[in-house]
């Protein structure tokens, strides 16, 4: 992949909650075992109960957070109710490999959508972007 973003990208989360809403077929937050356990502990419930109440299993056997009324089950009035324990996929958005494949993809999936990307500063360094991409990929592979 060409790192067209080699000088970094400006981004500052506005906590608007837009990224917590599904968009068309995109309504998936993958959660591995460690992430589910962390969220269950945060909610002070057993993992099995967390899985039953807040996740679903996809056709590949991976666990995904449930979406209710078009948004993540943990989103209430544009606020993440599990912010301190939120999954890697949520923490690293918008620095996912598929969103950074090209300027066009980033424009359509991030710049045209997220108010936090419409800033001049702070600039997230390419090194930090790479680290977040790697963290996301590792979390997706870990079950």
Relative contact order (%) - the chain, alpha-carbon pairs under 8 angstrom, separation at least six:
41 percent
How high is the FRET efficiency from residue 57 to residue 134, r the C-beta distance, R0 25 Å, rounded to 0.05?
0.45
Within the stretch 1-30, backbone nitrogen closer than 16 Å to the virtual label 7 Å beyond the Cα of residue 111 toward Cβ:
3-12
Taking the number of other C-beta atoms within 10 Å as the exposure measure, put 54, 106, 33 in order starting with the fewest.
33, 106, 54
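What are the equivalent ellipsoid semi-axes of the stretch 9-141, built from the alpha-carbon gyration tensor (square roots of five times its eigenvalues), in whole angstrom, biggest first?
The answer is 26, 16, 15 Å, longest axis first.
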Ranked list, fewest to most other Cβ atoms within 10 Å of each Cβ, for 129, 45
45, 129
Please find the FRET efficiency linking residue 5 to residue 141, where r is the Cβ-Cβ separation and R0 is fixed at 22 Å, and quote it to the nearest 0.05.
0.45
Rounded to the nearest 0.05, what FRET efficiency do residue 124 and residue 83 have when you use their Cβ-Cβ distance and R0 = 30 Å?
0.95
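Restricting to DSSP H runs of at least four residues, report the calculated mean residue ellipticity at 222 nm for the chain, -39500 (n - 2.57) per run over all residues, nearest 500 deg cm²/dmol.
Numbers: 5 runs with 44 residues, N = 143.
Estimated from H runs of four or more residues: -8500 deg cm²/dmol.
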For helix 126-141, what angle does its Cα long axis make with the longest principal axis of the chain, in degrees from 0 to 90 and rounded to 10?
30 degrees
Between 120, 59, 76, which gets the highest mean-square fluctuation from a Gaussian network model of the chain, Cα cutoff 10 Å?
59
Label-point separation in nm, residue 41 to residue 16, each point 7 Å along Cα→Cβ
3.4 nm
To the nearest 10 degrees, how steep is helix 33-43 against the longest Cα principal axis of the chain, on a 0 to 90 scale?
70 degrees
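FYI, it's all coordinate maths here, none of it is from the lab. Treat the numbers as computed from the prediction; the structure is a model and nothing was measured. As a convention, Cβ positions derive from the backbone with ideal geometry for all residues, glycine included, and neighbour counts pool all protein chains shown.
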